[in-house]
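Inspection log for the structure reproduced underneath, given as structure tokens.
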Amino acid sequence: MQAILKYLLIVIGFIILFSLLNFYLNTHPPKFRSKETPADYGLEYENVRFKTKDGLLLAGWLIKGKKGSPTIIVGHGYPFDKGNIIPVVKFLHPDYTLFLFDFRSFGQSEGTMSTGGVKEIQDVDAAVKYLKLRNDVNHTFGAYGFSLSAATFLMAQNPDIKVIVADSAYASIHDIVKELYFYFGPLKYPFVWMTELYGKLFYGMDASKYVAKVTVPTLLIHGDKDSQISVKNSIKIDETNKKLSELWIIKGADHGMSYATNPKEYKARVKDFFDENL
């Protein structure tokens, strides 16, 4: 009996400590700063700074398109920055004005903690608010996100964003925590529960409240071989409002590789979707 109790305590201790370590590492990612700027692609841009509701200073690039062109707010994936995605999104210029920014704790933005979308919703709202204060850009907004930012745009449901292209989004914070412990198979749930508990205890983060939903015309893009965020996530998001969503599953594409799999078709479908809905 004592041997069983000892074994049980070891297992519980492992779950507590391992999930705590994972929680800390995933909410405190290393800083990644790419060297690329829009100038490397012949694009003129403006460095901008804007503040979030909770006082963090975020960094962005404003790349103006044709006069009167709608504005696409562009977000990056985890743990990268705005420079990482400029090669993918530059095809939308000059038909669209592009506003790329670093989410909190990434790139050139302030902050030390990434929350999977909880606090990042404030970043999206701050970006929209900043752009609405400028009279030199069109206030018709779309959003284009990858992974973390794709899910955040869908969770934010900002009323000023009229169309979303979401590449490799996760369906909720609960879903991405489950993905984090995929290697434990059906034994992952104690780790998931503890990780979400830490979010509540330390930061007041209730994972159940942060769910990606389709509320505006949305193009969901996902590789069927995604090894980090299962394609089941985009299928789940699509089911929240099939009247407004379009699901494009790319065969053979791993996480973040949808564009690279077929750049020509990718660019055409994304641009057509924005053209039709903005």
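Read through the list (1) over 16 Å from the mean Cα position of the chain (by Cα); (2) assigned to a helix (DSSP H, G or I); (3) surrounded by 15 or more Cβ atoms within 10 Å (Cβ to Cβ), then give the number of the only condition that residue 177 fails.
Of (1) over 16 Å from the mean Cα position of the chain (by Cα); (2) assigned to a helix (DSSP H, G or I); (3) surrounded by 15 or more Cβ atoms within 10 Å (Cβ to Cβ), only one is false for residue 177: (1).
Between a first residue in the stretch 130-152 that is under 19 Å from residue 210 (Cα atoms) and a second residue that is hydroxyl-bearing (Ser, Thr, Tyr) and part of a loop (DSSP other than H, G, I, E, B), which pairs have beta carbons less than 7 Å apart while being 6 or more apart in sequence or on different chains?
What qualifies is 146/168; 147/78; 147/168; 148/78; 150/168; 151/170.
Test residue 19 against the stated conditions and say whether it is hydroxyl-bearing (Ser, Thr, Tyr) and in a loop (DSSP other than H, G, I, E, B). Working first, answer last.
Details: hydroxyl-bearing (Ser, Thr, Tyr): yes; in a loop (DSSP other than H, G, I, E, B): no.
In short, no.
Could you list, in sequence order, the residues of the stretch 240-255 that are assigned to a strand (DSSP E or B) and under 11 Å from residue 214 (Cα atoms)?
245, 246, listed by residue number.
Taking the conditions exactly as written (of a type in the set (A, V, I, L, M, F, W, C), surrounded by fewer than 23 Cβ atoms within 10 Å (Cβ to Cβ), in contact (Cβ under 8 Å) with a residue 60 or more places away in the chain and part of a loop (DSSP other than H, G, I, E, B)), does residue 205 satisfy them or not?
Considered against the rule, which asks whether it is of a type in the set (A, V, I, L, M, F, W, C), surrounded by fewer than 23 Cβ atoms within 10 Å (Cβ to Cβ), in contact (Cβ under 8 Å) with a residue 60 or more places away in the chain and part of a loop (DSSP other than H, G, I, E, B), residue 205 comes out as yes.
Out of all the residues in the stretch 224-243, which are closer than 22 Å to residue 142 by Cβ, crowded, with 16+ Cβ neighbours inside 10 Å and free of Cβ contacts under 8 Å to residues at least 60 places away in the same chain?
238, 240
Could you figure out which of (1) exposed (fewer than 15 other Cβ atoms within 10 Å of the Cβ); (2) modelled with pLDDT under 95; (3) assigned to a loop (DSSP other than H, G, I, E, B) isn't true of residue 24?
Only one criterion in (1) exposed (fewer than 15 other Cβ atoms within 10 Å of the Cβ); (2) modelled with pLDDT under 95; (3) assigned to a loop (DSSP other than H, G, I, E, B) is unmet by residue 24, namely (3).
The values are calculated or read from the model by the stated rules, or taken from the named source; none is laboratory data. Keep in mind that this is a model prediction, so the values were computed, not measured. Note that we place each Cβ from the backbone using ideal geometry, even for glycine, and neighbour counts take in every protein chain shown.
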